[in-house]
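As structure tokens, the structure follows; a few thoughts come after it.
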Amino acid sequence: MQKKHLVLGAAFAALIGGVFVPPPAQAQDTIYIPLFTYRTGPFAGSGIPIANGMADYLNMLNERDGGIGGVKLQVEECETGYDTKKGVECYESVKSKKPVVINPYSTGITLQLIPKAAVDKIPVLSMAYGLSASADGTNFPWVFNPPVTYWDGASVFVKYAAQKEGGFDKLKGKKLGLVHLDAPYGKEPIPLLEALAKEYGFELKLYPVPASEMQNQSSLWLNVRRDRPDWIYLQGWGAMNPTAVKEAAKINFPMDRLIGVWWSGGDDDARPAGDGAKGYSSLDFHAVGTDFPVIKDIQKYVVDKGKSQVQKEKVGENLYNRGVYNSMLVAEAIRTAQQLTGKKVVTGEDVRRGLEQLNITEDRLKEMGAAGFAAPVRTSCTDHNGHHKVFMATWDGTKWVKSSDWMEPIKDKVRPLIESAAKTYVESNAGWPKRTEPCDKSS
Amino acid sequence: MDVLHHIFVDPFVQMAQAPDLLVQTLWEGLVGGILYALIALGFVLIFKASGVFNFAQGIMVVFAALTLVGLHEKGVPAYLALALTILVMFGLAFSVERLMLRPLVNQPDIILFMATFGLTYFLIGLGELIFGGEPKVMIASELGLPKGSIDLNMLGGFISLQKIDIAATIIASVMVVSLAVFFQKTRIGRALRAVADSHKAALSVGISLEQIWVIVWFTAGIVALATGIMWGARSEVSFALQIIALKALPVLILGGFTSIPGAIVGGLIIGIGEKLGEFYWGPLLGSGIESWLAYFIALLFLLFRPQGLFGERIIERI
């Protein structure tokens, strides 16, 4: 009996001790960067390589350069499982640690954090995802989504289809389909595609995939077989992507007419379909492979030293490099903030200015060891995206290969729609704060 | 009037105009339905033996498939990996009986149900710890499962039958029939039915509860492995597969939680019903209705047969 009490007492003491142990104090000489990741759950297939890429680049900066501007980066992951509720919990748990930027890595989570960003003075970087309208810096001073929005991506898809058909006028009467995850992320390009359908006279067919049916899409693809769309744009995520590619191959849909958004272009999205996926293309805005000094440094300072969770052979895959690219933008924003403020240990407010002043030129890419890895990126006070160019990558059966030149989004159609959508967002959210943050000079 | 036309006339006109698509839809429904029936059978067996709805059946599908692929990735030949996976599923059944069911004997059913929740999250964590969260490609060809398709030009169009789907249908059908016969006609089957009727009465005639529990959990593990192989080959092996297993819920509502024939017929009705519904009526509602249509069909049946198609009718006199 006594022994039992002792054990219970020890367990209670451990519990109390655990509860009351003070959290480690935020070191004053570090920059805190939380990464919202998902290494578990149905979307882990897409989440793991991105999480590895993001963490490895930042850790490489710590190992190679001692951080940024001599200040160490404190990188911490929070597991969201791609679940919006868990993502908001992650945000609430990290915000007291004074993060300089939040990477939600989910459009659903981003939508929840947009109203909080201005209040908590923590910028949100939704790199090529999130709310397209948040590219409008005038109404969303705390939200950034470079280098392209979903609307830019969808416009490039339409432009590519038009090129292949022989011009925009040839789109009249054609059917363009959107196979999308039935979630905020998947639905995001619909307004733009509807507007372009009206403009160019094509018929837009929507094929939503509920999350519970990600691996059970056969009836959806029978609908595709019946409707016979001329082109399909795939906006899928996680297990939905490989299933969609397999099903498309199964109904003999021409693979060169199936185009994925950049999030549908993971190696594990195409690989399970084997030869059937040959010719499937997805949009992209950075290179794959390891033939870049920046990736070599990651291998040297992080992966080879056993400080990464990545399997060595997966370094350089598309979604891994996507994570690296995301962290490159974060690092450049911090560096820019340090230059703007003259401070070494910058805050979220400083990094917001840094994100607004991003100017990653060809020369700067070269300095970063990323010449040819990506295109230059520039943002401004009013344009938090830049609407940069993308290219087409095609699956050759074993890897992604760049298969087109860089293509401009249809900016003259996208930008007015973004500004109009931003205005609508502000009007429908009563009390949305007017921008008070001054623009830096070069913006 | 237009709406009524779209609901009651258009779909049937489409069926008549494109019979190849109708047959293709029925085929897809049949394949899905048989796999649902197989999953539902796993639930029914455990429910009959221990009166508990096994929430962990979905993760057992993932765990079994990951074990198989994971072992093969470590260099174990495919058939040996299959044999070892069966052994692992036996180990799991044995552990569940020893560590979960036995200590909870005589506890209310809801406690056992909650324990299967615990088992689910334990297996998710264990699976991720051992195999990681990355999706894996099912070793279908290594296991001798066929690839490619048979395309038939008929009915004014074509019908494409994936060889893996044909194999899945045959294997699942054989398993379903074998299990049904095993549990209806053999001594163990009779013991299972006795346990399902009354634990105390079964014990009094010398039936070992522990042995029956191990057998049904092991059988549910084999069912999970077969489902994981088939569905994994159609898509990929990832933790998303556990969602598929929960598609068996409407099958159980429809077929009754205690009926093996109910699981089979229910699986087919749900499988074919949801495919026909999504294909012919889905576009009227913006598509993507498959996720709830199965429940709607099940509830519709319950209006007329509250105990399910083959469920036991319980009459309690007061």
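We did not get these values from a lab; they are worked out from the coordinates using the rules stated. This is a predicted model, so every value here is computed, not measured. We place every Cβ from the backbone using ideal geometry, glycine too, and count neighbours over all the protein chains shown.
For chain A, the longest principal axis of the alpha carbon atoms and the long axis of helix A:2-20 meet at an angle near 70°. Beyond 31 Å between alpha-carbons counts as too far, so tell me which of A:LYS159/A:LYS246; A:LYS250/B:LYS247; A:LYS389/B:LYS275 fall in that bin. Over 31 Å apart, Cα to Cα: A:LYS389/B:LYS275. Which of the three applies to region B:192-318, rounded, prolate or oblate, going by the alpha-carbon gyration tensor with a ≥ b ≥ c and a/c under 1.5 meaning rounded? It is oblate, given that a/c is not under 1.5 and a/b is not larger than b/c. May I ask you to derive the FRET efficiency for B:VAL105 and A:GLN112 from their Cβ-Cβ distance with R0 = 56 Å, giving the value to the nearest 0.05? Plugging the Cβ-Cβ distance into 1/(1 + (r/R0)^6) gives 0.80. Computed from label points 7 Å out along Cα-Cβ, the spacing between B:PHE90 and B:LEU284 is 5.3 nm. Pair-distance distribution of region A:288-389: all C-alpha pairs, bin width 5 Å, starting at 0; shares per bin in whole percent are 3, 12, 20, 21, 17, 15, 10, 2, 0. Expressed as a fraction of 2.2 N^0.38 Å, the C-alpha radius of gyration for region B:204-271 is 1.34.
Less than 16 Å from a label point 7 Å out along the Cα-to-Cβ axis of A:GLN163: which backbone N atoms in region A:241-276 qualify, by residue? The answer is A:256-262. The stretch between B:TRP292 and B:LEU143, if pulled fully straight at 0.36 nm per residue, gains 50.2 nm over its current Cα-Cα span.
Using a Förster radius of 45 Å, what is the FRET efficiency between A:ILE251 and A:TRP406 based on their Cβ-Cβ separation? Nearest 0.05, please.
Once rounded, the FRET efficiency stands at 0.90.
Chain A gives an Rg/Rh value of 0.99, both radii derived from C-alpha positions and Rh following Kirkwood. Dipole orientation for the protein assembly as shown: of the candidates A:TRP221, A:ILE295, B:GLN242, B:GLN242 has the Cα lying most toward the positive pole (charges on Cβ; Lys, Arg +1; Asp, Glu -1).
The stretch between A:LYS121 and A:GLU313, if pulled fully straight at 0.36 nm per residue, gains 65.2 nm over its current Cα-Cα span. Out of every Cα-Cα pair that region B:129-220 contains, those further apart than 17 angstrom amount to 69 percent. The shape of the protein assembly as shown comes out oblate: with a ≥ b ≥ c from the C-alpha gyration tensor, a/c is at least 1.5 while a/b does not beat b/c. Listed by chain and number, the aspartates and glutamates whose alpha-carbon sits under 19 Å from that of A:LYS174, ignoring those within fewer than 8 places in the same chain, are A:GLU165, A:GLU194, A:GLU199, A:GLU203, A:ASP227, A:ASP230, A:ASP256. Working note: 222 nm ellipticity from helices only, DSSP H runs with n ≥ 4, each -39,500 (n - 2.57), summed and divided by the residues of chain B, gives -22500 deg cm²/dmol to the nearest 500. Does region B:1-104 classify as rounded, prolate or oblate by the C-alpha gyration tensor (a ≥ b ≥ c root eigenvalues; a/c under 1.5 gives rounded; else a/b over b/c gives prolate, otherwise oblate)? Oblate shape, in that a/c is at least 1.5 and b/c is the bigger or equal ratio.
Between B:PHE122 and A:THR398, the C-beta separation translates, for a Förster distance of 35 Å, into a calculated FRET efficiency of about 0.40.
Counting neighbouring beta carbons within 10 Å and listing from fewest to most, the residues B:LYS200, A:LYS250 come out as B:LYS200, A:LYS250.
In degrees from 0 to 90, rounded to the nearest 10, what is the angle of the helix B:290-304 Cα long axis to the longest principal axis of chain B? So the helix axis and the longest Cα principal axis differ by about 80 degrees. Spin-label pair A:ARG435-A:ALA371: with each label point 7 Å from Cα along the Cα-Cβ axis, the two points sit 3.5 nm from one another. For B:LYS185, a cut-off of 18 angstrom between C-alpha atoms picks up these lysines, skipping any fewer than 8 places away in its own chain: B:LYS48. Among A:GLY130, A:GLN309, A:VAL351, whose Cα sits farthest toward the positive end of the charge dipole of chain A (+1 at Cβ of Lys/Arg, -1 at Cβ of Asp/Glu, about the Cα centre)? Result: A:GLN309.
Modelled spin labels at A:THR138 and B:ARG305, positioned 7 Å past Cα toward Cβ, are 6.5 nm from each other. In terms of the mean number of neighbouring beta-carbon atoms within 10 Å, the peptides A:318-325, B:180-187, B:218-225, A:283-290 order highest first as A:318-325, B:218-225, A:283-290, B:180-187. Per-residue ellipticity at 222 nm computed for chain A from its helices equals -13000 deg cm²/dmol, with DSSP H segments shorter than 4 residues left out and the rest contributing -39,500 (n - 2.57). Seen against the Cα atoms of chain B and their longest principal axis, helix B:260-276 is set at about 30 degrees.
Can you sort A:HIS387, A:HIS180, B:HIS199 by how many other beta carbons sit within 10 Å, fewest first?
Placing the least packed residue first, the sequence is B:HIS199, A:HIS387, A:HIS180.
Legend: mean number of C-beta atoms from other chains within 10 angstrom of residue C-beta atoms, peptide A:232-243, equals 2.
For region B:74-179, what Kirkwood radius comes out of the mean inverse Cα-Cα distance, in Å? Kirkwood radius, region B:74-179: 17.9 Å.
In terms of surrounding Cβ atoms within a 10 Å radius of their Cβ, A:SER219, B:SER208 rank from fewest to most as B:SER208, A:SER219. Counting Lys +1, Arg +1, Asp -1, Glu -1, what net charge surrounds A:VAL346 among other residues with beta carbon under 15 Å of its beta carbon? Its environment carries a net charge of +3. Counting charges near A:PRO208 (Lys, Arg +1; Asp, Glu -1) among other residues having Cβ under 9 Å from its Cβ returns a value of 0. Under 12 Å from a point placed 7 Å out from the Cα of A:LYS98 along the Cα-to-Cβ direction: which residues of region A:342-369 have their backbone N that close? Hits in region A:342-369 for A:LYS98 at 12 Å: A:344-350. Restricted to Cα atoms, region B:122-280 shows a radius of gyration and a Dmax of 19.0, 64 angstrom.
Please compute the Kirkwood hydrodynamic radius over region B:2-247, one decimal place, Å, based on all pairs of different Cα atoms. Computed over Cα pairs of region B:2-247, the Kirkwood hydrodynamic radius comes out at 19.7 Å.
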